[in-house]
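Below is one structure, written out as structure tokens; comments come after it.
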Amino acid sequence: MASRSFSATRRWTLPMAERIILQTSGAVDHALREAGTLEGWQRDIARYAVGNSRLVLALSTAFAAPLLYPTGSESGGFHFRGASSTGKSTALVVAGSAWGGGGIRGYVRTWRATSNGLEGVAGMHCDCLLCLDEMGQVDGREAGQIAYMLANGVGKSRASRSGEARPAAEWRLLFLSSGELSLADKIAEDGRGRRAAAGQQVRIVDIPADAGAGMGMFENLHCFANADAFARHLKVAASEHYGHPSRAFLRVLVDEFDAIAPAVKDHVDEFLRNHAPAGVDGQISRVAARFGLVAAAGEMAAVAGIVPWPEGEATRAAARCLADWLTQRGGLDPAEDVDAISAVRRFIELHGNSRFEAMGDLAPTDSQGAPIEQRIPNRAGFRRQANEGGNEYLVLPEVWRTEVCAGLDSANVAKALMRRGYLAVGGDGKPQIKTRLPGFTATVRCYVITPRILGEDDADAEARLTAGTHV
């Protein structure tokens with residue numbers, strides 16, 4: 001972001017005005033406290049984020065939260081997902097130190113709460129950063145509801161004692177989360193076939209915690225002997241210096257309020273041009289815009305002298321994390337298409353031989369070439385050799401609707417597979433093809449899944465993924 005957009009040298013002072021006091025029915029539970037100094041925070045925490053994409057992204061997210069209002073951006077969050085002891089919690093502690101700390105857990109909250117319980121927490125973090133550690137502590141169904149609630153910015157509508165509707169709690173915020181499972185895995189862990197909706201996955205962006213350098217979340221340990229020593233230093237420093245950076249950032253924001261929103265929007269637009277392929281699905285554009293907002297906030301904090309980072313550091317970190325999200329997501333297609341392909345592929349992987357009767361050249365014969373009767377309990381369809389090699393799977397219509405596409409729109413699943421060439425198209429352009437099948441006296445309309453759904457080369461998928469991206 002160009003430094004002309006705002007000035008780091010202008011000093012901001014609070015004008016004499018009427019004193020405002022927040023009066024509540026009980027004590028306000030918050031961690032917006034201060035300790036240490038801004039210089040100490042810069043020396044012992046912020047400077048060590050340089051070269052560490054996840055740490056820079058986390059800190060930049062802390063500064064991006066108060067930009068939601070002036071830029072008209074939507075709430076949402078980032079979820080660091082990975083194995084234990086990779087540094088996920090450290091990233092949340094570092095980011096939270098920009099806003100406050102103190103107490104046993106400092107600024108960081110936990111996922112161990114109901115959606116109702118987190119309403120009040122979200123309200124107290126309006127226009128601030130919210131940090132939620134250990135998604136594993138919450139029920140999967142509750143996690144999905146919380147994801148929607150936090151990003152939508154509104155709590156439940158409730159009735160007062162008189163029966164009249166009470167105003168629902170509202171907020172704007174960005175949140176950071178951590179856990180060993182992704183949101184989608186968390187929702188599905190009860191084994192009841194639940195899937196994370198596309199809207200939930202857009203609201204909580206799942207970022208692999210492992211940065212790929214063999215040091216968990218970290219890529220640059222600076223002067224520290226190992227990742228554990230580095231993480232311990234950051235946590236200790238965050239318990240000594242906290243709260244000052246957000247206040248310094250807010251002074252700049254208030255002082256330069258009118259100029260900042262256009263500058264931030266320009267930076268987001270530039271980020272989208274450079275790192276989001278033209279014509280990409282709207283879900284990806286929404287997520288990329290959030291990364292762009294975070295990049296702009298980090299660059300703004302650097303220009304203002306709040307973080308000791310070189311120009312472009314925040315943008316590079318956001319671009320790297322966006323690319324990693326796209327890679328683990330599986331492509332540039334809408335989330336509904338990705339889920340559809342995954343569901344069909346999983347069904348074939350589970351039941352390829354056990355529930356699909358072999359036909360044609362695949363049908364078993366005895367030594368004399370006579371067919372051997374097959375016993376396929378709970379048959380889902382048939383499999384045969386495709387002309388181009390590999391096996392085709394012919395799924396019967398009711399099995400397709402009730403089992404293969406369980407929990408999904410079967411028509412949309414068929415369209416998604418047809419677009420990828422994973423489902424053969426009939427002469428009439430429909431996803432079902434009339435075929436003569438063993439044991440049926442007439443032709444049967446069935447779904448013919450091509451071998452490509454299992455045999456696509458990873459290099460082809462990677463080429464599609466990166467075709468329009470520039471990181």
query: Has the range 27-45 got at least one residue that is farther than 23 Å from GLU240 by Cα, among the hydroxyl-bearing types (Ser, Thr, Tyr), in contact (Cβ under 8 Å) with a residue 12 or more places away in the chain and in a loop (DSSP other than H, G, I, E, B)?
result: no
task: List the number of the failed condition for ASP44; all other conditions in (1) open to solvent by less than 10 Å² (accessible area, probe 1.4 Å); (2) modelled with pLDDT of 95 or more hold.
output: (1)
Test for ALA296: is it in contact with a helix residue (DSSP H, G or I) (Cβ under 8 Å, 6 or more places away or on another chain), open to solvent by 10 Å² or more (accessible area, probe 1.4 Å) and hydrophobic (A, V, I, L, M, F, W, C): no
- prompt: Just to be sure, is ALA411 out of contact with any Phe, Trp or Tyr (no Cβ under 6 Å at 6 or more places or on another chain), open to solvent by 30 Å² or more (accessible area, probe 1.4 Å) and either among the aliphatic types (A, V, I, L, M) or outside any helix (DSSP H, G or I) (or both)?
  reply: yes
- prompt: Before we move on, is GLN368 in contact with an Asp or Glu (Cβ under 7 Å, 6 or more places away or on another chain), in a loop (DSSP other than H, G, I, E, B) and either over 30 Å from ASP266 (Cβ atoms) or aliphatic (A, V, I, L, M) (or both)?
  reply: no
message: I need the full set of residues from the range 402-446 which are more than 18 Å from ASP337 (Cβ to Cβ) and of a type in the set (Lys, Arg), in order please.
response: LYS430, LYS434, ARG436, ARG445
- prompt: What number of residues within the range 314-330 are open to solvent by 20 Å² or more (accessible area, probe 1.4 Å) and either among the hydroxyl-bearing types (Ser, Thr, Tyr) or more than 18 Å from LYS265 (Cα to Cα) (or both)?
  reply: 8
task: Would you mention how many residues in the range 371-397 are in a loop (DSSP other than H, G, I, E, B), under 20 Å from ARG452 (Cβ atoms) and open to solvent by less than 50 Å² (accessible area, probe 1.4 Å)?
output: 4
field: the range 256-284: number of residues that are open to solvent by less than 40 Å² (accessible area, probe 1.4 Å) and either among the basic types (Lys, Arg) or assigned to a loop (DSSP other than H, G, I, E, B) (or both)
entry: 4
message: Among the residues that make up the range 195-205, is at least one of them touching a residue at least 12 places away in the same chain (Cβ under 8 Å), surrounded by fewer than 17 Cβ atoms within 10 Å (Cβ to Cβ) and outside any loop (DSSP other than H, G, I, E, B)?
response: yes
- prompt: (1) open to solvent by 40 Å² or more (accessible area, probe 1.4 Å); (2) out of contact with any strand residue (DSSP E or B) (no Cβ under 8 Å at 6 or more places or on another chain): which one isn't true of GLU240, the others all being true?
  reply: (2)
statement: Counting only residues that are in a loop (DSSP other than H, G, I, E, B) and of a type in the set (A, V, I, L, M, F, W, C), the range 332-365 contains a total of 3
query: In the range 414-443, what residues are in contact with a helix residue (DSSP H, G or I) (Cβ under 8 Å, 6 or more places away or on another chain) and part of a strand (DSSP E or B)?
result: LEU423, GLN432
task: State which residue is farthest from the chain's Cα centre (by Cα) when the search covers only the range 331-348 and only residues that are open to solvent by 50 Å² or more (accessible area, probe 1.4 Å) and more than 14 Å from VAL395 (Cβ to Cβ).
output: SER342
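Yes or no, residue by residue, for (1) modelled with pLDDT under 95; (2) assigned to a helix (DSSP H, G or I):
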residue: GLY212; (1), (2): yes, no
residue: ARG232; (1), (2): no, yes
residue: VAL254; (1), (2): yes, yes
residue: ALA314; (1), (2): no, yes
Near pairs, Cβ below 6 angstrom, 6+ apart or cross-chain, from the range 354-366 (in contact (Cβ under 8 Å) with a residue 60 or more places away in the chain and within 9 Å of ARG383 (Cα to Cα)) to any residue that is among the polar types (S, T, N, Q) and assigned to a loop (DSSP other than H, G, I, E, B): GLU357/GLN374
query: Among the residues of the range 151-159, is any surrounded by 14 or more Cβ atoms within 10 Å (Cβ to Cβ), basic (Lys, Arg) and at pLDDT below 90?
result: no
query: For ALA64, which of the numbered conditions (1) crowded, with 19+ Cβ neighbours inside 10 Å; (2) touching a Phe, Trp or Tyr at 6+ places or on another chain (Cβ under 8 Å) fails to hold?
result: (2)
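The values are calculated or read from the model by the stated rules, or taken from the named source; none is laboratory data. For clarity, every value in this text was computed on a predicted model and none was experimentally measured. Neighbour counts are summed over all protein chains in view; Cβ atoms, including those assigned to glycine, are modelled from backbone coordinates with ideal geometry. SASA here: full protein model, heavy atoms, side chains in, ligands and nucleic acids out. Shrake-Rupley method; radii C 1.70, N 1.55, O 1.52, S 1.80 Å.
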